[in-house]
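The values are calculated or read from the model by the stated rules, or taken from the named source; none is laboratory data. This is a predicted model, so every value here is computed, not measured. Here the Cβ is made from the backbone with ideal geometry for all residues, glycine too, and neighbour counts use every protein chain on show. Areas reflect the complete protein model, heavy atoms only, side chains present, ligands, DNA and RNA absent. Shrake-Rupley method; radii C 1.70, N 1.55, O 1.52, S 1.80 Å.
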Amino acid sequence: MNFFCLTKFAVLSLWIQTGACLNFTYHNYEEMVEVLVQINKTYPDISRIYSIGMSTQGRRLWVVTLTGAPDETVKGRPEVKLVGSIHGNEVVGREMLLHFAEYLAESYRRGDVPARRLLDGVRVHIAPNINPDGSEIAAEGDCFGVEGRANGNGVDLNRNFPDFFEDNNSARQAETLAVMKWLRRTHFVLSANLHGGAVVANYPYDNAPRHTKRRRNRGRKSKLTLLRTLTLKNAGS
């Protein structure tokens with residue numbers, strides 16, 4: 001199974017017309033929830049929506065799952081996680097994931113072979129907005145500001161998780177704890193976190209201990225090179 005065809009699906013979803021009704025516009029929190037509910041109503045046999053917890057300001061953190069197999073944990077079946085808008089003002093990832101979810105569900109219903117192959121062997125979990133409080137603070141059209149980047153408490157959620165190399169003693173936020181509990185419940189084999197504002201691809205352990213010169217960190221570099229090589233190989237297979 002080529003799990004990396006997810007990337008191809010995400011790109012194609014911006015151009016291919018599926019006959020579905022999702023508009024190409026920015027969706028606020030209430031509108032996003034309506035989209036997820038509508039996807040579940042339209043494709044009840046392959047979708048489910050659930051909440052992993054609450055935001056700091058009391059908004060639910062919604063997830064939609066898509067799979068052609070039984071929507072439950074199945075031994076040996078990969079679980080894939082896609083997350084958007086951990087920075088609330090980076091909303092393109094949120095919109096891409098909404099379109100992707102609708103496109104994938106509609107393609108499966110139409111009998112598209114790659115979509116069928118993917119969802120019959122994988123369960124995909126899509127959380128379009130993990131920082132809804134920040135998104136509601138952000139202003140549409142503000143492409144250079146930082147308003148809404150953090151959560152309702154002013155904390156950057158992307159830097160609120162435990163760090164492999166450094167101690168992170170900042171108070172864990174409600175959204176962070178919800179995601180951590182989610183990861184303990186579901187053992188994902190592939191994850192992607194969609195950001196906006198720059199063309200960057202981060203791989204696991206892309207940071208390093210303090211005062212470590214990158215050119216001397218050959219062990220880490222070789223592992224990163226191997227990871228990148230395997231990723232590109234799988235994406236092209």
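Summary table below
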| read-out | value |
| --- | --- |
| Residues satisfying the stated conditions in segment 115-150, i.e. over 13 Å from Arg94 (Cβ atoms), open to solvent by 50 Å² or more (accessible area, probe 1.4 Å), part of a helix (DSSP H, G or I) and not aliphatic (A, V, I, L, M) | Arg116, Arg117, Asp120 |
| Which listed residue is open to solvent by less than 20 Å² (accessible area, probe 1.4 Å) and either among the charged types (D, E, K, R) or part of a strand (DSSP E or B) (or both), from Ile52, Ile39 | Ile52 |
| Segment 68-82: number of residues that are open to solvent by less than 50 Å² (accessible area, probe 1.4 Å) and closer than 14 Å to Tyr50 by Cα | 1 |
| First in segment 87-111 and more than 19 Å from Thr67 (Cα to Cα), second anywhere and aliphatic (A, V, I, L, M) and part of a helix (DSSP H, G or I), Cβ under 9 Å, 6 or more apart | His87/Leu157; Gly88/Ile137; Gly88/Leu157; Asn89/Ile137; Arg94/Met32 |
| In segment 184-201, the residues that are surrounded by 15 or more Cβ atoms within 10 Å (Cβ to Cβ) and within 21 Å of Gly141 (Cβ to Cβ) | Leu194, His195, Gly196 |
